[in-house]
1. Which of Y216, Y329, Q189 sits closest to the plus end of the dipole of the chain, meaning its Cα is farthest towards the positive end, when Lys and Arg get +1 and Asp and Glu get -1 on the C-beta?
2. Determine which residues of region 1-33 fall in the zone a paramagnetic label at S300 would reach in this model, i.e. backbone nitrogen under 18 Å from the point 7 Å along Cα→Cβ.
3. Magnitude of the Cβ-charge dipole of region 262-324, K/R +1 and D/E -1, about the Cα centre, nearest 20 debye?
4. Considering the convex hull of the alpha carbon atoms of region 1-69, report its projected area averaged over all viewing directions, in nm², one decimal.
5. Taking the simple approach of a point 7 Å from Cα along Cα-to-Cβ for both T171 and E241, what is their distance in nm?
6. Could you work out how far helix 109-118 tilts from the main Cα principal axis of the chain, as a 0 to 90 degree angle to the nearest 10?
7. What length, rounded to one decimal in nm, is gained on full extension from A49 through to M336, with 0.36 nm per residue of separation minus their alpha-carbon distance?
8. If you project the alpha carbons of region 94-166 onto their three principal axes, what span does each projection cover, largest first, in Å?
Amino acid sequence: EAVMRRILVTGGAGFIGSNFVRMVLCEHPDCLIVNLDKLTYAGNLGNLAEFLEHENHKFVKGDICDGALVGRIIDEYEIEAVVNFAAESHVDRSITGPKVFVETNITGTLTLLEAARDKKLERFVQISTDEVYGALGPEGKFTEQTALSPNSPYSASKAAADHLVRAFGHTWGVKYNITRCSNNYGPYQFPEKLIPLMINNALNDRELPVYGDGLYVRDWLYVYDHCTAIWRVLQNAPPGEIYNIGGCNEKANLEVINLILSRLGKPKSLIRHVTDRPGHDRRYAIDAGKIMGELGWKPSLSFEQGINKTIDWYLNNQDWLRNVVSGDYQSYYESMYANR
Ligand code: NAD
Ligand code: DAU
């Protein structure tokens, strides 16, 4: 049984947000979701096609920087809690154009925090990232005590937002939690991120652009398991607590890419090493002991199971994929990867 039942989800038309909205509507019928999303290039109502008329889902197109709109939504729907997924989320885009990251990720979070304070909400859950901790060498894992040391404009904007959340808790008693998750993968991920980009290129017999030596390590978590962790935090965590979330699935990029190629029956000759990402973080790894021990969360799928489900999903949803790569995607791809 949910404690927080009237929930404002921001960014619920994006990858993780739409998976969270779907999980709540399917598994927690006593909850109302109001979904505020600006529908940027990364937001897509097709991610929630079968839920647009659902009686417990109200979609509002709008910007989290619009304080008047946020205030009206909270009043009209008697919102109890905010879960803030809305963000600019892609590291490479933050290198070519950082300003919108400051606007949405920092000013947007500030706007939501002011509303949470003024409307005396029961909870504010900030969906942050392990990237705020910076990069690891070959050993060790990020814990909640690791100092913040963000390396990209994206992660710097997310770290700034985390500091604001904490400051609103300290200064005005806003009841918050922060979650810091490792790399997600699964259905509805936009094909600018590693796994869906490689699946899409391989399906089309296009080259697979591997940054640098391809030995960068990420700790992969299936998106549904991230969503169940967020749900536990929202419903069960004491206010003021921060939780790392991760899958204990460290993989080098080339391992992931080789697995995708073999599942799709495509040759390794598609791999092409290209110029590295500036400031590329070598390795991320999460110690998820706190959320496992205190809230009893654990991931439901191994990487093997999750990647198989994900590849099957993209194979069975090629209309979705064709739709998201139509329009602006082609020019994005060319500007990001030409002459690299
Ligand atoms: P995404 O880019 O797929 O989706 C972001 C959503 O936010 C889109 O629907 C977009 O339209 C919306 N949005 C952007 N700017 C907005 C604004 N100003 N107002 C309202 N809506 C706006 O992102 P994602 O991968 O689903 O990530 C969601 C959150 O999770 C982000 O906060 C990200 O930092 C965090 N996160 C992501 C990962 C990952 O691996 N993808 C891991 C850890 C944390
Ligand atoms: O760790 C959590 C973070 O994971 C989230 O906060 C971010 O929102 C999310 O985008 C993700 O960041 P990464 O930079 O780790 O993800 P990305 O998919 O962009 O890259 C994963 C790895 O793959 C990284 O080492 C860069 C490499 N890569 C990526 C692309 C897009 C390539 O080698 N080639 C590519 O074309």
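1. Selected residue: Y216.
2. 1-2, 16-31
3. With only Lys, Arg, Asp and Glu charged at Cβ, the dipole is about 280 debye.
4. Numbers: hull surface 18.6 nm².
Its average projected convex-hull area is 4.7 nm².
5. 2.6
6. 20
7. Values: separation 287, 0.36 × 287 = 103.32 nm, distance 2.98 nm.
Length gained, A49 through M336: 100.3 nm.
8. Ordered largest first, region 94-166 gives principal extents of 45, 30, 13 Å.
The values are calculated or read from the model by the stated rules, or taken from the named source; none is laboratory data. Note that the coordinates shown come from a computational prediction; the quantities given were computed from them, not determined experimentally. FYI the Cβ positions are ideal-geometry reconstructions off the backbone, even for glycines, and counts take in every protein chain you see. Side chains included, ligands, DNA and RNA excluded: accessible areas come from the protein's heavy atoms. Shrake-Rupley method; radii C 1.70, N 1.55, O 1.52, S 1.80 Å.
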